[in-house]
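Some notes on the structure that comes next.
Since every read-out is calculated from the coordinates, none of them should be taken as a lab result. Please read all numbers here as calculations on a predicted model, not as lab measurements. Cβ atoms come from the backbone with ideal geometry, glycine included; neighbour counts cover every protein chain shown.
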Amino acid sequence: MVIYLKSIFNDAGNVTLFTARFFKEVLKPPFEIKEFIRQCYTIGYKSLPLVGITGFIMGLVLTLQSRPTLAEFGAESWLPGMVALSLIREIAPVITALICAGKISSGIGAELGSMKVTEQIDAMEVSAINPYKYLVVTRILATTLMVPLLVIFADGIGILGGYIGINIHSDVNLVRYFSQVLASLDFIDILPATIKTFFFGFFIGMIGCYKGFTAANGTESVGKAANSAVVAASLIIFIIDMLAVQITDLFM
Amino acid sequence: MIPEEINTVEQLTDKKENTVISIGNLHKSFGKNNDVLKGVELTVKKGENLVVLGKSGSGKSVLIKCLVRLVEADQGEIKVFDTDITTLDNNALNAVRLRIGFLFQNAALYDSMTVRQNLEFPLKRHSKELNPTEVEEAIIEALDSVGLADAIDKMPSELSGGMRKRIGLARTLILKPEIILYDEPTTGLDTITSREISELILAIQKKNKTTSIIITHDMACAKLTGDRLVILKEGLIVAEGTYEELEKSGDEWVRSFFN
Ligand SMILES: Nc1ncnc2c1ncn2[C@@H]1O[C@H](COP(=O)(O)OP(=O)(O)OP(=O)(O)O)[C@@H](O)[C@H]1O
Ligand SMILES: [Mg+2]
């Protein structure tokens, strides 16, 4: 138990140092712009199908599930607004972030882990290239930027899924549907939800990089790095989400 | 009397200038019970090929990793080009690292890049004044020197073990290092390829006047490339000499390396 606690504190300390290094190096030239763009492409663009499909299903299912309850109160006309609100505020950010934790965090963890194990990171170091800057800074920046965009994409597709969900049982015109959605949304709904997605993105990248970069020697540690990256990133997402709710509550 | 004194001073400075690497009382341990290096003393002269022998796990890789500070020494002095690298800050350290080439035991090619990109990667970052044609020329030249010019657009996963080693060597050569540290350059290769690589090491020494440390288990390679051999055992250098001297050593354990 004591050893377990000690290792947790140890880890927390190391993660903090690792993160501090990010802020120290992110503003220092030279900037690895090409690698950053490449990472945005692999992290953002390549996740579009997965995020799109889950977003669509979220919207569809949410609509179909909420419909009977609302119908009982004769409040079916609230359906588009309600679905959009729950999607944008909570469901799309959290589900998308969890999917990204599974896909991106583990991918980064495995990639950097295997680079570490096969001494590729050491090879960069001895050729006087800063591997932290080239590998870690670019990836963290890319996830911080791409995850929010993916969430917005999921929001959009989810709302579209909701439209299809509604039309299974009734016939609502697309324009009317969207005007109802827009009418129900406030800036104050969107802002906190968007801000937290940047934090999701940051930690998804950071944890994947940390786990990969600090992988021990030996091939089995690559799998371990990928696996523990997913676990830690998923947990952090829920913690951030909880904090975000508390903080928004304070201001409302 | 006086001329003689001058002579000695000259000899002294001469000796100092000719020493490129000097390691004194180097200690390194991992954890509490794993003392790997326990006071290694070693000097390498300019233009010399030094072969390091030793059983698997005796700390040979750790020793050369200390030289570029991939592994931080616990104690001791490591002088490369007359600067003690153990106390350098990052920028100064990188300046020294640029003059040292390191061939990793498993080549350590960048998996996600083609052979061309592998070679380009260090070159573009450190020789910004080169234009694209010059970069291309340098890449071709380095690949030519290891005899693999036609592998330029392959991915590392498409290469055999021997090819990977040679590409790794090309990537090391492209920055024109003054010191090259070879970690088992011929291990796991057939005798013919091993011999080719050994000859390549010799050719590089002749052509670029490089100083090298070569870690190997391959006695043919040691015989061919080594100007001087040392043996690492239990964290200390226990024997030193030319191939012929050590082969006829009085110590049976030392002789056992040679058959
Ligand atoms: N990063 C590390 N962390 C912990 N222990 C290490 C590390 N690197 C090396 N060691 C330990 O140092 C010892 C020497 O390892 P080293 O890789 O230098 O051996 P070697 O002489 O190169 O062997 P081989 O011929 O098999 O390559 C080993 O016992 C190894 O466990
Ligand atoms: Mg070794």
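If you place +1 on the Cβ of every Lys and Arg, -1 on the Cβ of every Asp and Glu, and leave all else neutral, what size is the dipole of region A:32-250 about its Cα centre, to the nearest 20 Debye?
Once rounded to the nearest 20, the dipole reads 360 debye.
Under 8 Å for C-alpha pairs, at least 6 residues apart: give me the relative contact order for region B:163-225, rounded to a whole percent.
Relative contact order here is 41 percent.
Using Cα-Cα distances under 8 Å and only pairs 6 or more residues apart, what relative contact order does region A:32-250 have, in percent?
37 percent
Counting DSSP beta bridges in the protein assembly as shown, what percent are antiparallel, to the nearest 5?
Bridges in the protein assembly as shown that DSSP calls antiparallel: roughly 55 percent.
Could you work out the relative contact order of chain B? I mean the mean sequence separation of Cα pairs under 8 Å and 6+ apart, divided by the number of residues, in percent.
25 percent
Going by a ≥ b ≥ c, the root eigenvalues of the Cα gyration tensor, does region A:32-250 fall in the rounded group (a/c under 1.5), the prolate group (a/b larger than b/c) or the oblate group?
It is prolate, given that a/c is not under 1.5 and a/b is the larger ratio.
Only Cα pairs within less than 10 Å get springs; with that Gaussian network setup on chain A, which residue of A:Leu62, A:Leu185, A:Leu98 has the largest fluctuation?
In the Gaussian network model the winner is A:Leu185.
Considering only A:Ile152, A:Ile33, A:Ile121, give the residue with the highest GNM mean-square fluctuation for chain A, with springs between Cα atoms whenever their separation is below 10 Å.
With Cα springs under 10 Å in chain A, the top fluctuation among A:Ile152, A:Ile33, A:Ile121 is at A:Ile33.
If you place +1 on the Cβ of every Lys and Arg, -1 on the Cβ of every Asp and Glu, and leave all else neutral, what size is the dipole of region A:55-128 about its Cα centre, to the nearest 20 Debye?
Here the size comes out at about 260 debye.
Within region A:15-31, whose backbone N sits under 16 Å from a point 7 Å along Cα→Cβ of B:Asn90?
The answer is A:17-31.
What is the distance in Å between the Cα centres of region A:137-189 and region B:17-76?
With region A:137-189 and region B:17-76 each reduced to a Cα centre, they are spaced 60 Å.
Charges on Cβ only, +1 for Lys and Arg, -1 for Asp and Glu, centred on the Cα centroid of the protein assembly as shown; of B:Ile21, B:Gly76, A:Leu191, which one is farthest towards the dipole's positive end?
A:Leu191
Straight-line reach from B:Lys28: which lysines fall under 27 Å, measuring Cα to Cα and dropping same-chain residues less than 8 apart?
The reachable lysines, counting only those whose Cα sits under 27 Å from B:Lys28, are A:Lys6, A:Lys116, A:Lys211, B:Lys16, B:Lys38, B:Lys45, B:Lys46, B:Lys55, B:Lys60, B:Lys65, B:Lys79, B:Lys233.
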